[in-house]
Amino acid sequence: MSSCCGVGRVTMRAVCMVVICTFLQAVAGQRTPTISYITQLQIKDIGETVELQCSVQYAQDYPILWNKVNKLTDQVAISSGTGLLIRDSRFSLKHDPASSTYILQIKDIQETDAGFYQCRVQLSINNMENAEVELQVRRPPVISDNSTQSIVAGEGQPIQLECYAGGFPTPRISWRRENNAILPTGGSIYRGNILKVPSIRKEDRGTYYCVAENGVGRGARRNINVEVEFAPVITAPRPRLGQALQYDMDLECHVEAYPAPGIIWLKDGIQLSNNQHYSISHFATGDEYTDTTIRVITIEKRQYGEYVCRATNKIGASETTIELFETIIPVCPPACGQAHYGTGVVPASSGLLVALVLIVTVITRNFYAKY
């Protein structure tokens, strides 16, 4: 009798356990799947590796997906359950059954990997549980094409130089001039996207540097050429020059102007040209600088006087005067190494012979004058 009672008790316990388990399973089956953990914001450099974790509860019977959410609300499916849906060796998926965690790993991160990654529990066609994590990828600055390339302005006009750059974190923009020259705004550095100059001067022309920095890489730089149009400015290093008859002499002017000017030489209001009496040459020493020289060949009496150097461009004109006067002793240069007599040339090596002939001539004249 006691044996029968013992068997009955065991059977009852077994039945109770089955009922309890069935009840618990029913309760568990009624619980809504939830995402208990999602990785927080990730900031990585290009080439690094990131792991995005998503832990779920009560979702054994539901598909778990990783998606990438694009700006236009489009989604790219990356994985479903424990399997990848894309063919990219940089992506891999790990599953930890103990914690029900799905780990999405991305190696060799590229700039295009930045964005929002969504962990999703698909409950039905129209019902889902979502959580997102943002991946930000640090990128070195790249100066945008809508930045100023170059600019040409008239003297006194206002100008505006603009510089924009992409990258992450957002780049900081600063301005400098070539050789750390002073900026029109004052100082050697200006910070900001837009550099404004209320009234540009010709001294402000040159190369400006737009520098973009954000702590990633070496930064970026763009050279911006600023040209200022201005009327010619003429200087004569030697406004008065002397030379003896029958010798050559060079008259020189320095011209500063932009755009490049037309340059002429005049004497007595008549424009001079290259011939047996004059040789004119121009040498550009820079974008805005020109040296011009006129050589007066085998000077005659009528060639002494004032010469005018005149330069003209679309902005205006300017001129300066150089006086050529007669001297007894030849000036060197350019009268070096040769002496002129009439139309002939006597080499300098014959100078002693010429001097001796002159001395003999003078002594002979004095002798006959005395006797």
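Across region 144-230, what fraction of all alpha-carbon pairs, as a whole percent, falls in each successive 10 Å bin from zero upward?
Result, from short to long distances: 18, 52, 24, 6, 0 percent.
Straight-line reach only, C-alpha to C-alpha below 20 angstrom: list the lysines that K44 could link to, leaving out same-chain residues fewer than 8 apart.
Within the straight-line cut-off, K44 pairs with K68, K71, K107.
Under a straight-distance cross-link criterion of Cα-Cα below 21 Å, which lysines are reachable from K267, leaving out those fewer than 8 residues away in the same chain?
Qualifying lysines at Cα under 21 Å: K301.
Just flag the trypsin sites (Lys or Arg not before Pro) in region 138-202 sitting in loop per DSSP whose Cβ has no more than 13 other Cβ atoms within 10 Å. Show your work: numbers first, answer last.
Details: sites: R138, R172, R176, R177, R191, K196, R201, K202; in loops: R201.
Sparse-neighbourhood loop trypsin sites (Lys or Arg not before Pro): R201.
Would you work out the Kirkwood radius for region 29-103? I mean one over the mean of 1/r across all pairs of different Cα atoms, in Å.
Numbers: mean 1/r = 0.0722 Å⁻¹.
After inverting the pairwise mean of 1/r, the radius is 13.9 Å.
For region 236-326, state what percent of all Cα-Cα pairs lands in each successive 5 Å bin, counting from 0 Å until the bin that includes the largest distance.
3, 14, 26, 26, 16, 9, 5, 1, 0
Roughly how many nanometres apart are two label points built 7 Å out from the Cα toward the Cβ at T327 and F116?
Rounded to a tenth, the inter-label distance reads 8.7 nm.
Find, among the trypsin sites (Lys or Arg not before Pro) in region 237-343, those assigned to loop by DSSP (not H, G, I, E, B) with at most 16 other beta-carbon atoms within 10 angstrom.
Details: sites: R240, K267, R295, K301, R302, R310, K314; in loops: K314.
Here the sparse-neighbourhood loop sites are K314.
State to the nearest 20 debye the size of the charge dipole of region 154-278 about its Cα centre, where the only charges are +1 on K and R beta carbons and -1 on D and E beta carbons.
Numbers: 14 positive and 13 negative charges, 139 e Å.
Approximately 660 debye in magnitude.
Bear in mind these aren't lab numbers, they're just calculated from the coordinates by the rules spelled out. Remember, predicted model here, so these are calculated numbers, not experimental data. When we count neighbours, we look across all protein chains shown, and the Cβ atoms used for this are built from the backbone with ideal geometry, even at glycine.
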